[in-house]
Amino acid sequence: MGISGSECKKCGGVMEEGFVDNRVDGENQFGIWVEGNPKNISKNKARKYRMQAYRCMSCGYTEIYSEMKP
């Protein structure tokens, strides 16, 4: 997984840690990765993983990783 302060793969700049914002009923929640096609799945049965994002402070390049455990 990416680490805050690591080097950007695009420009060599510094990566900063963040998260994917997912607002539900006005409350901030972490974005999640959901298994399957959104048109053909039951979200209650699908595996879900919290996501973590890293953004380059110089060029804006962003990497998003999901947790290894649901």
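Computed values, structure above
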read-out	value
Region 33-64 - residue that is open to solvent by less than 60 Å² (accessible area, probe 1.4 Å) and among the hydroxyl-bearing types (Ser, Thr, Tyr) and, of those, modelled with the lowest pLDDT	Ser42
Output for region 16-29, where each listed residue is surrounded by 13 or more Cβ atoms within 10 Å (Cβ to Cβ) and either modelled with pLDDT of 70 or more or not in a loop (DSSP other than H, G, I, E, B) (or both)	Glu16, Glu17, Gly18, Phe19, Val20
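The values are calculated or read from the model by the stated rules, or taken from the named source; none is laboratory data. For clarity, every value in this text was computed on a predicted model and none was experimentally measured. Counting neighbours? That spans all protein chains shown, and the Cβs are built from the backbone with ideal geometry, glycine included. Calculation scope for accessible area: heavy atoms of the full protein, side chains included, ligands and nucleic acids excluded. Shrake-Rupley method; radii C 1.70, N 1.55, O 1.52, S 1.80 Å.
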